[in-house]
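Before any comments, here is the structure.
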Amino acid sequence: MNLLSLNIRGFGVDRKVAWIKEIKVREKVSFMAFQETNRSDIPDSDVDRFWGSSGWVREVVNPVGRSGGLLCLWDPGMFRLNSVVKDPNFILLAGNVKGRVEEVFILNVYAPQKTVDKRALWLRILSAKSVRVGLWIVAGDFNVVRGAEERKNSRFKARCARDFNQFIHDADLCDFELKGSKFTFMVEDFAGVVETALVDFCVEGPPDLILTLKLRHLREKIKEWRDDIRTREDEEEELAKLEVEKLEEEMEVRDLTEEEEWVRLEGKKKLLEYEYFKAKDLKQRSRVRWASDGDDNSKFFHGIINKRKASNAIPGLFDKDE
């Protein structure tokens, strides 16, 4: 049974559907654990868009307001549910996996932000585990790291990490390493940025002045969101490029392991995706400039394309042995 765990940051967003469905098909996923659904009463039609036409069973924990929320989704032919325990921060499913005799416990976790609340959650999970014997699979968003090396451009909380490491030890869990890039990120959706900016804006004065200032505030927040996305995407692209280059250098002297080959192919796929979206962005910007500049836009568009071609061109190869 292959399991996918994902902090989805809002269930039902169109741009996530094809991506998740493609992972499900490619990796033959039969169990999905989502965190931060941010929705109550998710309709079956939305689940079908992610899962496909085959049958499914689900268990949910609804969010508090518009925050949090958990969803477990699985193939009933692969996992047969015996019992379920629900907590505001986890779903614990007990059942039988096809081909295995012992009972399997699947825990989907979304941990709170505060250190004291996390500590209380670890104790509740340990209590639940102490009275259940079988194979345990724990997945989710724990909102904590095990060491300072797992943090980048964010504050490391040593006390919180110690509590988490102690919990892993006490629960007798094995922390499996991730494949692919070490650091990941999720950026708030555009609609969320706009909504937050408008809700947070509060100014008194004449209506025309309020509207002008509100639009200016919204424009600034959108620019910040855009710049943040570009910065993070550039960082991710550079990491993927370095990872691929390193593995391809290793290929010159030895055969890659199966895991290394998977990482190399995923990195190359990621780089192609970045190029594809950059090309789409260029095309869109050229249309915007055409609307305002007309024929003058041709120079802008072709200048960018020629610059990209020049930077990617290989003028020649040098053989150091000659």
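The values are calculated or read from the model by the stated rules, or taken from the named source; none is laboratory data. The structure presented is a predicted model; accordingly, all values stated were derived computationally and were not measured. In this analysis, Cβ positions are derived from the backbone assuming ideal geometry, glycine residues included, and neighbour counts consider all displayed protein chains.
Listed values, structure above:
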| read-out | value |
| --- | --- |
| Subset of the stretch 19-40 [among the basic types (Lys, Arg) and either crowded, with 21+ Cβ neighbours inside 10 Å or in a loop (DSSP other than H, G, I, E, B) (or both)] | LYS28, ARG39 |
| Yes/no for VAL199 being over 30 Å from LEU256 (Cα atoms), over 17 Å from the mean Cα position of the chain (by Cα) and either in a loop (DSSP other than H, G, I, E, B) or outside the structural domain of LEU256 (by TED's automatic domain parsing) (or both) | no |
| Selection status of ARG226, in a helix (DSSP H, G or I) and in the same structural domain as ASP281 (by TED's automatic domain parsing) | yes |
| Qualifying positions in the stretch 161-193 - modelled with pLDDT of 80 or more, surrounded by 11 or more Cβ atoms within 10 Å (Cβ to Cβ) and part of a helix (DSSP H, G or I) | ALA161, ARG162, ASP163, PHE164, ASN165, GLN166, PHE167, ILE168, ASP170 |
| Those residues of the stretch 59-117 which are over 23 Å from GLU36 (Cβ atoms), among the small types (Gly, Ala, Ser) and either assigned to a strand (DSSP E or B) or at pLDDT 95 or above (or both), in sequence order | SER83, ALA94, GLY95 |
| Options ALA128, ALA158, ALA120; residue that is more than 20 Å from the chain's Cα centre (by Cα) and modelled with pLDDT under 90 | ALA158 |
